[in-house]
Protein chains: 2
Amino acid sequence: MTHVTRRALLGGAGLLLGAVSTAGAAPAIGPATAPPTPTPTPTPKDFPYEQHLKPDYRLDAAAVREAAYQAYYAGGCCHGAYSALLGDLAQRAGAPFDQLPLDFGKFGAGGIATYGSVCGAALGGVLVVNMVVANAQARGAMMTDLLRWYEGTAFPAYVPKAKHAKEAAGVTLDFSPAAIVKLQRAPRSHLCHASVSDWCAANGVAASSPDKLARCARLTADVAGKTAEVLNAYLAARAYTAAPPDAESAGCVACHTAATTTESVATGMRCDACHDRHDAT
Amino acid sequence: MTHVTRRALLGGAGLLLGAVSTAGAAPAIGPATAPPTPTPTPTPKDFPYEQHLKPDYRLDAAAVREAAYQAYYAGGCCHGAYSALLGDLAQRAGAPFDQLPLDFGKFGAGGIATYGSVCGAALGGVLVVNMVVANAQARGAMMTDLLRWYEGTAFPAYVPKAKHAKEAAGVTLDFSPAAIVKLQRAPRSHLCHASVSDWCAANGVAASSPDKLARCARLTADVAGKTAEVLNAYLAARAYTAAPPDAESAGCVACHTAATTTESVATGMRCDACHDRHDAT
């Protein structure tokens, strides 16, 4: 299947008009103009997909945030972020993004099938970054930055334009613009289990409560929006550098390097999510 | 683009023969036989992809293991597992698997861009399970089972048919069939960082060493093969039930439920990967 671009179509129309205007005349002398080759539609196999984006394409981060919040209630955190980001690309950039299933991210809810692993919203963002970015070094830096940002950011922050109907019943905490800051916690871990348990304990609610859902719906918007911003920064510069780790973790891995044979460590995550300081034990 | 199946082709040939044999005769009386509609080729959007597999399709787990081991050295653990599993589906089941990029999993190396998060081999397996399985409950159970199996399994176990050329230099440990058992450790955590650091410390090698690469290449084969077996079990029964958590973790979440408002927990992972027992603190 081929897709005729606007340029090819105009070129073809011009040739057609030329043919009509010279109908019946002698063939023109000179080099023959070959008909334009139709540009094939990009397919999912033409990966990564940055090559198919126009130079000025940027994601609409505000729209992505609202879409992610709404989609959370249709399939969880990973689906919220993934479908909002891919939806923007599919609707505004077209192929091959519009040839991919928007429902692919539902598996990631609750840190992969409720396992409590990597936050599904962050995983959804990672999957879309991976889809787009061709430069492997920049791609890795963007993923590192997204996960590090997640660990250190006070969630939730997003205030939806329209509350989802499923949020009507059972929410006891005040998520209004004026009060949401009082509910915020920086999770310090990029893992769903640690992030959710810490937030629920601090706010006195259960992990299965409507309050937790309201929190994670807004966090999903926050993470999807941040992913859009990270992607836009890359698309503007075609390069990306990750922020450094927190000072304490940088201190840990100064001794616990990947090259030592004693307690060797290779990670980008915060150490204090699971480990006490030496001087605290 | 459409794809004519063997059945449609035979049907069409039959119609054509019929037309030839009655050439010149009066039109037959009775209901007209409509020409068979060509079966469209499944596309990546026709998700999930279980619907496109023949009832007797099963992955070749032994071939997947070897392919995963070899591919590890071309793009890391997630690429190894993902490309081996997807490669089997693309080569032996066809569309839409053959329309997807085999390189999609490279981002997952070292627990997502070397972040030390979820083991990339496990993530590669999870992504392919997600691609195939339509039943959301079974899909979640399969992912839970895969991650739980990972935490409790002594790695590495696989002995490659042919050692990869990149393994020649710098490997100091004995990965031979007779000796590999001495190198094995059950990681207790599904996170790359914990899994790698524990194994390296136990074997006195560095996280950046060729020994670690040799270990993770074999672990990638183990995880990809297990994923193939989990998928085959599902494809045979069209249902799947996860194994229960370890007894200690089951004890933890008996009090730390998702419904309590005090230290609420929603996870499927082993608790003792990060937490001490109450009676040990």
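Chains A and B: what accessible area do they bury, summed, in square angstrom to the nearest 100, with a 1.4 Å probe?
Values: alone 15020 and 15020 Å², together 25600 Å².
So the total buried area for this chain pair works out to about 4400 Å².
Could you pull the copy-to-copy label distances for B:H275, with points set 7 Å along Cα to Cβ, in nm to one decimal and sorted shortest first?
2.2
For region B:141-162, state which residues have at least 20 Å² less accessible area in the presence of all protein chains than in their chain by itself, taking the probe as 1.4 Å and leaving out ligands, DNA and RNA.
Residues shielded by partner chains are B:M143, B:T144, B:L147.
At B:Q137 and B:D276, where each label point lies 7 Å from the Cα along Cα→Cβ, what is the point-to-point distance in nanometres?
4.1 nm
Between B:A254 and B:A186, what is the spin-label point distance in nm, taking each point 7 Å from the Cα along the Cα→C-beta axis?
Computed distance between label sites B:A254 and B:A186 equals 2.0 nm.
Quick one: which of B:212-221, A:159-168, A:199-208 comes out on top by average Cβ neighbours within 10 Å, and what's the full order, highest first? List each step's numbers first, then the result.
Values: B:212-221: 26.7, A:159-168: 13.2, A:199-208: 19.2.
Result, highest mean Cβ count within 10 Å first: B:212-221, A:199-208, A:159-168.
Return the average number of partner chain Cβ atoms within 10 angstrom of each residue Cβ along peptide A:186-193. Before the final figure, lay out the partial values.
Numbers: counts 0, 0, 0, 1, 4, 6, 3, 7.
Rounded to a whole number, the mean comes out at 3.
Distance from the Cα centre of region A:163-177 to that of region B:110-139, in angstrom?
So the separation of the two Cα centres works out to 32 Å.
For region A:32-151, how big is the tail of P(r) above 23 Å, as a whole percent of Cα pairs?
Numbers: 2336 of 7140 pairs.
Looking at region A:32-151, the distances longer than 23 Å represent 33 percent of pairs.
Of B:A61, B:A154, B:A259, which is the most mobile in a GNM of chain B whose springs link Cα atoms less than 10 angstrom apart?
B:A259
Of A:V159, A:N135, A:V171, which is farthest along the charge dipole of region A:107-205 in the positive direction, counting Lys and Arg as +1 and Asp and Glu as -1 at C-beta?
My answer, from the dipole projection, is A:V159.
What's the magnitude of the charge dipole for the protein assembly as shown around its Cα centre, counting Lys and Arg as +1 and Asp and Glu as -1 at the beta-carbon? Answer in Debye, nearest 20. The partial results should precede the final answer.
Working: 46 positive and 44 negative charges, 242 e Å.
That gives the protein assembly as shown a dipole magnitude of about 1160 debye.
Where in region B:135-163 does the label zone of B:A233 land, with the point 7 angstrom along Cα→C-beta and an amide N cut-off under 16 Å?
Once the point is set 7 Å along Cα→Cβ of B:A233, B:137-154 turn out to lie under 16 Å by backbone N, inside region B:135-163.
For B:A233, go 7 angstrom from Cα along the Cα-to-Cβ vector, then report the distances to that same point in the other copies in nm, smallest first.
Values, ascending and in nm: 4.3.
Could you check which residue among B:A224, B:A233, B:A71 shows the biggest mean-square fluctuation in a GNM of chain B with a 10 Å Cα cutoff?
Looking only at B:A224, B:A233, B:A71, the largest GNM fluctuation is found for B:A233.
Ignoring ligands, DNA and RNA, what accessible area per residue does chain B give at 1.4 Å, in Å²? Can you show the working numbers first?
Numbers: 12800 Å² over 281 residues.
Per-residue value: 46 Å².
Looking only at A:S117, A:S197, A:S264, which one moves most when chain A is put into a Gaussian network model with springs between Cα atoms under 10 Å?
A:S264
Between A:T37 and the same site in the other copies, what are the distances in nm, shortest first, taking label points 7 Å from Cα along the C-beta direction?
Going from nearest to farthest copy, the values are 3.5 nm.
Determine the share of the protein assembly as shown's accessible area contributed by carbon and sulfur atoms, expressed in whole percent, with a 1.4 angstrom probe. Intermediate values should be presented prior to the final figure.
Details: 15220 of 25600 Å².
About 59 percent, which is the carbon plus sulfur part of the accessible surface.
Along the Cα-to-C-beta direction of B:A243, a point sits 7 Å from the Cα; which residues of region B:162-206 have their amide N less than 17 Å from that point?
Backbone N within reach: B:185-191.
For region B:31-113, give the magnitude of the charge dipole about the Cα centre (Cβ charges: +1 Lys/Arg, -1 Asp/Glu; no others), in debye to the nearest 20.
So the dipole magnitude of region B:31-113 works out to roughly 60 debye.
What are the residues of region B:202-228 that lose 30 Å² or more of accessible area, with a 1.4 Å probe, going from their chain alone to all protein chains?
Checking the loss per residue gives B:A206, B:A207, B:S208.
Short version: what are the Cα gyration tensor semi-axes of region B:159-281, square root of 5 times each eigenvalue, largest first, in whole Å? List each step's numbers first, then the result.
On the way: eigenvalues 223, 97, 24 Å².
For region B:159-281, the ellipsoid semi-axes come out as 33, 22, 11 Å.
Ignoring everything but the protein chains, give the 1.4 Å probe accessible area of A:E248 in square angstrom, nearest 10.
70 Å²
Placing +1 at every Lys and Arg Cβ and -1 at every Asp and Glu Cβ, with all other atoms neutral, what dipole size does region A:191-281 have around its Cα centre, in debye to the nearest 20? Write out the running numbers ahead of the final one.
Numbers: 7 positive and 10 negative charges, 86 e Å.
With Lys and Arg at +1 and Asp and Glu at -1, about 420 debye.
The values are calculated or read from the model by the stated rules, or taken from the named source; none is laboratory data. Just so you know, these numbers come straight off a predicted model, no measurement behind them. No Cβ is skipped: glycine too gets one built from the backbone with ideal geometry, and neighbour counts run over all protein chains shown. When the accessible area is computed, the model is the full protein with side chains, heavy atoms only, and any ligands, DNA or RNA have been set aside. Shrake-Rupley method; radii C 1.70, N 1.55, O 1.52, S 1.80 Å.
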